[in-house]
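K.L.:
If you scroll down you'll find the structure; I have some questions about it.
Laboratory data are not the source of any read-out in this text; all were calculated from the coordinates shown. Remember, it's a predicted structure, so these values are computed and weren't measured experimentally. Glycine gets a Cβ as well: all are built from the backbone with ideal geometry, and neighbour counts include every protein chain shown.
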Amino acid sequence: MNNSGFDVMLPAAAIAGVMIAAMVVRSRAMPRPAWVNTRAGRWLAGRGPAYLSDKDSPPHFLLVTDLDCTLTMDNHTLTKYAAEISSVVDAGTAEFNKRWEAMKARRDKNCVLCYSTGRSMDIFEVLVSEQRARTESVFPDGPLLLPDVLITADGTSIHWLEEDGKLAYDVEWESILKTGWNVEQVRQVFMENPEVAKYGVDLQVINRLEGFRVSAVIEGEEASRIAEESIRRAIDECKSRID
């Protein structure tokens, strides 16, 4: 725990936009970053959502976790493993849920659960639905908990839990991303540069009209390394033409 009484645990998930501790340190010598005036900044300043019993204090504990192959697995992934793995995974999720709820009770609810996933919002909802169907009759505590914060699409979309129990889209975060984020130029690189076009643009970007993410699905570590180098070169070339 630091002097503010705020614990941070960061599992393996890549938490775009939520590396709060490092940002706070840097901000002391820099102009106030844009996120300070967002919902996240207000929460850390002690102006949390009303459903928290101690909403006037920063969260006591923040847990940020990935979902796939971390907190759970989808049905397709589970088919790659022995049948008993499904029970092990779901039992682990159920045990996590019980421990989290117990800690919230001890800390008077002032704990924040955040899922950070590469899934878009609708694909996240598919995971929640199929995981619930798979677990609720076998492990009553197994269905994924509703998070306080949901970060999707690799950090480009954030939802916050409201008092009505629904997740609300963060328009302030969207506004920040719109500043200096030229997604159309990146899409153009993917579709027009011959070295990169062969990887294609992830269909979930086009079909679900994500506003800020462009991605490619590439299998294998070596292929991913080569693709990254190609994409970086193409973006640098694009930047040099603009400059």
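K.L.:
Subtracting the Cα-Cα distance from 0.36 nm times the residue separation, let me have the gained length for LEU146 to CYS69 in nm, one decimal.
P.N.:
Stretched out fully, the LEU146 to CYS69 stretch lengthens by 25.9 nm.
K.L.:
Still on this structure: Report ³J(HN,Hα) in whole Hz for each residue of the range 220-235, in order, from the Karplus equation J = 6.51 cos²θ - 1.76 cosθ + 1.60 where θ = phi - 60°; Gly and Pro get x.
P.N.:
With the stated coefficients, the range 220-235 comes to x, 5, 5, 4, 5, 5, 5, 5, 4, 4, 5, 5, 4, 4, 5, 5 Hz.
K.L.:
Run the simple label-point estimate for HIS76 and ARG241 please: 7 Å along Cα→C-beta, distance reported in nm.
P.N.:
So the two model labels end up 3.3 nm from each other.
K.L.:
Right, another one. So if each residue of separation counts as 0.36 nm, and I subtract the Cα-Cα distance between GLU229 and ARG99, what length gain in nm does that give? Don't skip to the end; give the middle numbers.
P.N.:
Values: separation 130, 0.36 × 130 = 46.80 nm, distance 4.23 nm.
Full extension from GLU229 to ARG99 adds 42.6 nm.
K.L.:
Taking H placed 1.01 Å from N in the peptide plane, check which residues at least 5 places from PHE61 or on another chain put their amide H under 5 Å from its amide H.
P.N.:
Under 5 Å from the amide H of PHE61 lie the amide H atoms of ASP7, VAL112, each far enough along the sequence or on another chain.
K.L.:
Same structure, new question: Whose amide H sits under 5 Å from the amide H of ASP68, counting only residues 5 or more places off or on another chain, with H placed in the peptide plane?
P.N.:
For ASP68, whose amide H was placed from the backbone, there are no distant partners under 5 Å.
K.L.:
A further question follows. Give me the lysines in straight-line cross-link reach of LYS109: C-alpha distance below 25 Å, same-chain residues under 8 apart excluded.
P.N.:
Here the lysines satisfying the reach criterion relative to LYS109 are LYS55, LYS98, LYS166.
K.L.:
Counting only residues 5 or more places away or on other chains, whose amide H sits under 5 Å from the amide H of ALA168 once H atoms are built in the peptide plane?
P.N.:
TRP160, LEU161, GLU162
K.L.:
Could you calculate the contour length gain from ASP122 to GLU174, that is, 0.36 nm times the residue separation minus the distance between their Cα atoms, to one decimal place in nm?
P.N.:
Between ASP122 and GLU174, full extension yields an extra 17.0 nm.
K.L.:
Taking a ≥ b ≥ c as the square roots of the Cα gyration tensor eigenvalues, with a/c under 1.5 meaning rounded and otherwise prolate when a/b beats b/c, else oblate, which class fits the range 102-170?
P.N.:
oblate
K.L.:
Same structure again: Mind checking which lysines have their C-alpha under 22 Å from LYS178, skipping anything on the same chain fewer than 8 residues away?
P.N.:
Here the lysines satisfying the reach criterion relative to LYS178 are LYS239.
K.L.:
Something else about it: I need the phi-derived Karplus couplings for the range 127-134: 6.51 cos²θ - 1.76 cosθ + 1.60, θ = phi - 60°, integer Hz, Gly and Pro marked x.
P.N.:
Values, residue by residue: 4, 4, 5, 6, 5, 5, 4, 6 Hz.
K.L.:
Sticking with this one: What FRET efficiency would be calculated for the residue pair ILE85, ALA133, taking the C-beta separation as r and a Förster radius of 22 Å, to the nearest 0.05?
P.N.:
Values: r = 18 Å, r/R0 = 0.80.
For R0 = 22 Å, the calculated efficiency reads 0.80.
K.L.:
Another question, if that's okay. Quick one: if the Förster radius is 41 Å, what FRET efficiency do GLU222 and ARG106 give, using the C-beta to C-beta distance and rounding to 0.05?
P.N.:
In this case the efficiency is close to 0.30.
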